[in-house]
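Single-structure report; data block below.
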Amino acid sequence: MVEVRDFDILTPGFHANPFPTLDRMRAEGPIVRMKLPIIGRTYLAVTHDTCAALLKDHENFARDPANAGSRTQARILRVLPRTIGLLALNMLGHDDPEHRRLRGLVDQAFMRRTIEAMRPMISDIADRLLDRLKGRTEVDLMAEFCRDLPLSVICAMLGLPDQDHDRFKNWLGRLTDTANMGAVIRAMPGVISVVRYLRRVSRPAGGALPGGLIAELRDAERDGQSLSEDELVSMIFLLFGAGQETTTHLISGGLFALLSHEDQLSQIHRDPGLIPTCVEECLRYVSPVQMTKPRFVTRDLVWQGRQFRRGEMFAGFLAAANCDPARFEHPHDFDITRHPNPHLSFGTGVHFCLGFQLARAEAAIAFERILARYPNMRLVGQERKIEWRKRLGIRALARLPVRLVA
Ligand code: HEM
């Protein structure tokens, strides 16, 4: 039996400077056992090698606990309101072949060429958001830019009307502390409102715009493909959720990293051609998604030299893998020229992030537009006054107060 260890991986203090804790975790070995809030006892893969091996081993580790002999999730789903329970029907909760079938329906929409063609639209949205800041000196970029860009882009992609954006923000705004059961329960009514709204708009003549992904998926269903209404709503909720928060915290965390590293900031101003490697370094250094969803051991086995039992739970601790000195030179340094940069921020294996091209494009455009428009932008006040949220698995700034002009 591996000892259950107690590391702080969710307080604002950890998120402000996670490296010392991540290094201590890795010093314990490639796998650390912890009791996580809400999730329970979990093995965390904390080195780059074990994390990648875990996420690529679909024989021994399943996403769906039923494939590891556990009926707990199925039982929980039976007692949850249907509106919430259907959210588990998405591709990220399934193993192949179900996973492949669901992912196959949206793969095309996220391919490189499709995303490249979306760049002018993303740039227009970024410019429109920045136009709203004209004449202002100090702003909270989190509230006024970093949240709105991914939200507007995913809504445009799905075909959700602009005028509904503020409603989503209100509904989902309370979901800020996912490590606290009380906070999760308090956020439920908002989640239920979003699911109801998505169900309504995804019906024919329900309000989703023609040409958007919702209309396309609904028509795919009509053409005889096996996407039920619940699966459609679950898929849209996944895209809607996965596409927003993650990218928001990449953009805000990345801008914060740049603004707090003067040398890197001057370098990118001198050579905006560095933006693509800068985005990769922000993905690694910020690690906005710190941890994967759980994986379940499918059979009793010896893995990495240790015995594990069917049904036990694992997760890839991406933030720890991303600063593993076995893989990265000077991993605590923020270096926008780092290349190669084999970070695991988008995961790996069959669940590798579907939206990685989109996230990269949004972050690159966000950095390019804001740095060009506000070359003298600076953080307001002391760096240490910046507040991080208490979150498990997501590294999230509460605010990003900046002075736009010198
Ligand atoms: C910085 C931004 C993003 C990060 C860091 C990120 C990270 C991740 C990670 C780590 C996974 C794998 C989770 C696991 O294996 O348990 C994942 C999966 C996924 N991501 Fe992202 N993501 C980002 C943006 C997006 C965007 C913009 C979209 C789409 C709009 C998206 C859609 C998805 C979907 C659908 C999956 C599930 C894929 C599957 O199960 O096959 N993500 N993402």
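For D96, the conditions (1) surrounded by fewer than 18 Cβ atoms within 10 Å (Cβ to Cβ); (2) within 15 Å of the ligand (Cβ to nearest atom); (3) assigned to a helix (DSSP H, G or I) all hold with the exception of (3). Of all the residues in the range 140-185, those that are at pLDDT below 85 and in contact with a Pro (Cβ under 9 Å, 6 or more places away or on another chain) number 6.
Would a scan of the range 72-84 turn up a residue that is buried (at least 16 other Cβ atoms within 10 Å of the Cβ), touching a residue at least 12 places away in the same chain (Cβ under 8 Å) and either within 14 Å of the ligand (Cβ to nearest atom) or in a loop (DSSP other than H, G, I, E, B) (or both)? Checked the range 72-84: no residue is buried (at least 16 other Cβ atoms within 10 Å of the Cβ), touching a residue at least 12 places away in the same chain (Cβ under 8 Å) and either within 14 Å of the ligand (Cβ to nearest atom) or in a loop (DSSP other than H, G, I, E, B) (or both). Residues in the range 286-328 that are of a type in the set (G, A, S) and either more than 16 Å from E28 (Cα to Cα) or within 16 Å of the ligand (Cβ to nearest atom) (or both): S287, G311, A315, G316, A319, A320, A321.
For L283, the criteria (1) within 16 Å of the ligand (Cβ to nearest atom); (2) buried (at least 19 other Cβ atoms within 10 Å of the Cβ); (3) farther than 17 Å from A361 by Cα hold in every case but one, which is (3). Mind checking whether some residue in the range 37-47 is at pLDDT below 95, small (G, A, S) and away from the ligand (no atom under 15 Å from the Cβ)? The answer is yes; a qualifying residue exists.
Counting only strands (runs of 3 or more DSSP E) that sit wholly inside the range 290-406, those with at least 3 residues that are within 24 Å of K35 (Cα to Cα) are 295-297, 301-303, 306-308, 313-316. Answer yes if at least one residue in the range 42-53 is part of a loop (DSSP other than H, G, I, E, B) and of a type outside the set (V, I, T), and no otherwise. No; the residues of the range 42-53 include none that is part of a loop (DSSP other than H, G, I, E, B) and of a type outside the set (V, I, T). Which residues, taken from the range 105-117, are assigned to a helix (DSSP H, G or I), surrounded by fewer than 19 Cβ atoms within 10 Å (Cβ to Cβ) and touching a helix residue (DSSP H, G or I) at 6+ places or on another chain (Cβ under 9 Å)? Listed by number, the residues that qualify are Q108, R112, T114, E116. Looking at the structure I just gave you, is G241 within 14 Å of the ligand (Cβ to nearest atom), small (G, A, S), surrounded by fewer than 19 Cβ atoms within 10 Å (Cβ to Cβ) and in a helix (DSSP H, G or I)? In short, yes.
Filtering the range 286-304 to residues that are of a type in the set (D, E, K, R) and surrounded by fewer than 24 Cβ atoms within 10 Å (Cβ to Cβ) leaves K293, R299, D300.
Within the range 258-277, being assigned to a helix (DSSP H, G or I), farther than 19 Å from N17 by Cα and either touching a Pro at 6+ places or on another chain (Cβ under 9 Å) or away from the ligand (no atom under 16 Å from the Cβ) (or both) holds for D263, L265, S266, Q267, I268, H269, R270, P272, G273, L274. Among the candidates E329, E368, the residue that is closer than 23 Å to L274 by Cβ, in contact with a Lys or Arg (Cβ under 9 Å, 6 or more places away or on another chain) and not hydrophobic (A, V, I, L, M, F, W, C) is uniquely E329.
The values are calculated or read from the model by the stated rules, or taken from the named source; none is laboratory data. Quick caveat: nothing in here was measured; it's all calculated off a predicted structure. Neighbour counts run over all protein chains shown; Cβ positions are idealised from the backbone, glycine included.
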